[in-house]
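I have placed the structure first, in the form of structure tokens, so that the comments after it can refer back to it.
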Amino acid sequence: MATRMKRTLTQGTIIAAMLWLATSDFANSRLPESVELGLEPAAGTWRATSNAALPALNPVTFFFKNILPTKATTAPKPRLTERTLHVRKGDTLMNLLLHADVPRGEAHLAIEALSKSYDPRKLKPGTEIVLRYLSAPAHEKSAKKTATSETFDGIRVSLRYDQDIVVTRNNAGKFIPKTVEKRVLNELVHTGAQIKTSLFEAADRADIPTNVIVELIHAYSFDIDFQREIRSGDKFEMMYERFLDEEGQVVHNGNLLYARLVIRGKPLKIYRFSPQKGVVDYFNTKGQSVRKALMRTPVDGARISSHFGKRRHPILGYTRMHRGVDFAARRGTPVLASGNGIVERANRYGGYGKYIRIRHNSRFKTAYAHLKGFANGIRKGKRVKQGQVIGYVGTTGRSTGPHLHYEVHERSRQINPMRLSLPSGLKLGGEALASFEKSRSEVDRLAADLPLQSLLASTK
Ligand SMILES: [Zn+2]
């Protein structure tokens, strides 16, 4: 990470909109409130600068030392020392503390306090834990007993890239938990690339993190079939958030805020926008959600092996109506719910073999047949989300080889999924549209102002 960061910086890239999201570790400070402009970054917000002028395009400079609180130098106080541990597989917090010679009673009290805001059983391998000790000042140490010069004062558990939980003693010596925002620097990365072989290859060339490119693929997947429609020479650009720690290391790659994909010369822009609290989606320039009610292809990278309509049945030999579309795919390929809905059945169903049917709304249902099996937890009555894995391609029932038989039912009649004019998701209107248009032009302006990382990267 560190070397990559350095490389990027020496290329003098695209770092903009730097903002302090949090201040001193143990201070009681809060994140600045996000300015309500609609776009919803992960935490805090670079948008907070949008009323003021954006900072100039500085390379990332670390002015941490300039703003660190200065320590008061008064009478000798107990000195705080910290010891950092990393959770390994199988560790419990209790074991870690005991191993670090924290007395069992103290460890117990500290963990008990921590449990009020965090379940210590959720501790993941790799999590950073800092043990805090107070040691008596030097002159006292020599005057008094030297046996236990250090007392255990608490722990700090790193929860997320921007959040810690700290347990410290209050004046009465009781352990108290507190959630603390970490110092992170939020920046916006504007980057892009031309596609030579695949989107992933291009993304890799432009140093775009996997989670960001996956977000882009998901956002476009209702309009674009990445397996079939992407050609060499197509290109894309995007803006996403990135978070750095005090050392300038990338600690988190945040949301994709904007993307522009150009396929055979045709540009398609999407913008992340939150029309209401708790709802985040991608919208095209007109304020239309790019999400469609149903996906056309509920398996990734599959080829259509049989279309909807009359055909000679491969097993029964006579001509009959094929009321779905067959996708040839390897056995075990994940099958995705093509829309949000409720599982109506997930069981064996005659010639369909292992079969799932989802009711999406009063108009549409979709069905998936010949499955090898169902995904964990998929059963009748279960609510599923669009794109969720519901089962796996197989060849159960009356089937000649591994494939997915996919049906779309409109008011209980099977229709051709490929002919379906897909009802789309939300279309913004009124105030929401006005707010979207405002943030859209803001993002467009930023994209126009920020040089593209790839232009610099391609000169190396
Ligand atoms: Zn079929």
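The values are calculated or read from the model by the stated rules, or taken from the named source; none is laboratory data. Values in this document were obtained by computation on a predicted structure and should not be read as measured data. As a convention, Cβ positions derive from the backbone with ideal geometry for all residues, glycine included, and neighbour counts pool all protein chains shown. Heavy atoms of the whole protein, side chains included, go into the accessibility calculation; ligands, DNA and RNA do not. Shrake-Rupley method; radii C 1.70, N 1.55, O 1.52, S 1.80 Å.
A few notes on this one:
- ARG348 fulfils the conditions (1) within 16 Å of the ligand (Cβ to nearest atom); (2) of a type outside the set (S, T, N, Q); (3) surrounded by 12 or more Cβ atoms within 10 Å (Cβ to Cβ); (4) over 29 Å from LEU426 (Cα atoms) except for a single criterion, (1).
- All conditions in (1) open to solvent by 50 Å² or more (accessible area, probe 1.4 Å); (2) more than 16 Å from the ligand (Cβ to nearest atom); (3) under 23 Å from THR333 (Cβ atoms) hold for ILE390, with the sole exception of (1).
- Verdict on GLN414 being away from the ligand (no atom under 16 Å from the Cβ), under 25 Å from ASP300 (Cα atoms) and either out of contact with any Pro (no Cβ under 6 Å at 6 or more places or on another chain) or free of Cβ contacts under 8 Å to residues at least 24 places away in the same chain (or both): no
Residues checked against (1) modelled with pLDDT of 85 or more; (2) surrounded by 14 or more Cβ atoms within 10 Å (Cβ to Cβ); (3) within 16 Å of the ligand (Cβ to nearest atom):
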| site | (1), (2), (3) |
| --- | --- |
| VAL279 | no, no, no |
| TYR282 | yes, yes, no |
| ALA293 | no, yes, no |
| ILE304 | no, yes, yes |
| GLY309 | no, no, yes |
| ARG312 | no, no, yes |
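- Among the residues of this structure, SER274 does not count as one that is in contact (Cβ under 8 Å) with a residue 40 or more places away in the chain and within 16 Å of the ligand (Cβ to nearest atom).
- Pick from the range 379-411, criterion within 21 Å of HIS360 (Cβ to Cβ) and polar (S, T, N, Q), ranking: modelled with the lowest pLDDT: GLN386
- Candidates in the range 398-411 are the residues that are within 11 Å of the ligand (Cβ to nearest atom) and open to solvent by less than 40 Å² (accessible area, probe 1.4 Å); of these, the one that is farthest from ILE342 (Cα to Cα) is SER399.
- Residues in the range 170-179 that are among the aliphatic types (A, V, I, L, M) and either touching a Leu at 6+ places or on another chain (Cβ under 8 Å) or surrounded by 19 or more Cβ atoms within 10 Å (Cβ to Cβ) (or both): none.
- Test result for ALA367, over 26 Å from SER412 (Cα atoms), within 16 Å of the ligand (Cβ to nearest atom), of a type in the set (A, V, I, L, M, F, W, C) and surrounded by 15 or more Cβ atoms within 10 Å (Cβ to Cβ): no
- Selection status of ARG323, within 13 Å of the ligand (Cβ to nearest atom) and without any contact (Cβ under 8 Å) to a residue 12 or more places away in the chain: no
- Residues (modelled with pLDDT under 90 and either buried (at least 16 other Cβ atoms within 10 Å of the Cβ) or of a type in the set (Asp, Glu) (or both)) located in the range 95-119: ASP101, TYR118, ASP119
- Taken over the range 371-428, the criterion of being among the charged types (D, E, K, R), under 29 Å from the mean Cα position of the chain (by Cα) and part of a strand (DSSP E or B) is satisfied by ARG383, LYS427.
- Filter pass, ILE358 being among the hydrophobic types (A, V, I, L, M, F, W, C), free of Cβ contacts under 8 Å to residues at least 40 places away in the same chain and in contact with a Lys or Arg (Cβ under 9 Å, 6 or more places away or on another chain): yes
- Filtered residues of the range 220-253 (kept if under 18 Å from LEU452 (Cα atoms) and surrounded by 13 or more Cβ atoms within 10 Å (Cβ to Cβ)): ASP234, LYS235, PHE236, GLU237, MET238, MET239, TYR240, GLU241, ARG242, ASN253
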